[in-house]
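Notes follow once the structure below has been shown.
Bear in mind that the values in this text are calculations on the coordinates, not laboratory data. Keep in mind that what you see is a predicted model, and the values were worked out from it rather than measured. Cβ coordinates were reconstructed from backbone atoms using ideal geometry, including for glycine residues, and neighbour counts include every protein chain displayed.
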Amino acid sequence: MPQDQQVITITEEALQRVLEVRAAEDDAAELALSLAVAGPRGRGWQYELALVPLADAGEEDAVGRYGDLPVVVPAASVSLLQGASLRLDEGGLALDNPNRPPAAPWWPGDDAPLEARAAAVLDHEINPSIAGHGGWAQLVEVEGNDVHLSLGGGCQGCGMAQVTLRHGIEAGLRHWIPELGAVLDVTDHASGENPFY
């Protein structure tokens, strides 16, 4: 029998949303919300949420009851989710978790200057991702919490450079540096010689 334990808290709005989604399933009464940590993602965790048969819960898993909703947290995720809170926001369900994975070996630390943290993220997270298109991003300067970047290689002159900047580079930087201000592209895109299309 799984452990009877409420590992997380769930806001009333989030609970109602999950119950609405579960109600659309044929076997709704037999389903539980499964919430597990899939692995580290930057400074936080990546999560897996799914509706699963409650009968599939393992002996060591924690099962908490939230009104009519059973929530299963696999044994390996219990300590990683202890004290977390599931809430509803504009984008859907969101999990606030006070637990963090161990820092990446390349991370200079939360107290390091913004310039050092931004450069580390570019070197270890962003540039390896855009290198497949022959591109790279370089930190030019930091003004307050704003960063100025120059894009090169396949990113210089590419018609998708702004998409890459906003949805790839900026999103990656904000994930690691929550207090980041504006991310400004100072690249001369007109002089790009080999953009990736």
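In nanometres, what is the gap between the two model label sites at Asp68 and Glu115, each 7 Å from Cα along Cα-to-Cβ?
A separation of 5.9 nm, rounded to one decimal place.
In which sequence would Thr164, Thr9 go, from the one with the fewest C-beta neighbours within 10 Å to the one with the most?
Thr9, Thr164
Name all residues of the range 75-115 having a backbone nitrogen under 18 Å from the label point set 7 Å from the Cα of Glu48 along its Cα→Cβ direction, giving them as ranges.
75-82, 95
Across 10 Å bins from 0, what is the distribution of all Cα-Cα pair distances for the chain, in whole percents?
With a bin width of 10 Å, the distribution comes to 8, 28, 23, 19, 16, 5, 0.
Report the paramagnetic label zone for Ala182: residues of the range 126-141 whose backbone N is under 20 Å from a point 7 Å from Cα along the Cα-to-Cβ axis.
138-141
Can you tell me, using C-alpha contacts under 8 Å and at least 6 residues apart, the relative contact order of the chain as a whole percent?
Value for the chain: 17 percent.
Can you give the FRET efficiency for Glu30 and Ala75, using 1/(1 + (r/R0)^6), R0 = 22 Å, r = Cβ-Cβ distance, to the nearest 0.05?
That pair, Glu30 with Ala75, gives E of 0.55.
Using 7 Å Cα-to-Cβ label points, what is the Ser150/Gln6 separation (nm, one decimal)?
Spacing of the two 7 Å Cα→Cβ label points: 5.6 nm.
With each pseudo-label sitting 7 Å past Cα toward Cβ, what's the Trp106-Ala131 distance in nm, one decimal?
Simple spin-label model gives 0.8 nm for this pair.
If you project the alpha carbons of the range 14-70 onto the principal axes, what extent comes out on each, in Å, largest first?
Computed over the Cα atoms, the extents are 36, 27, 19 Å.
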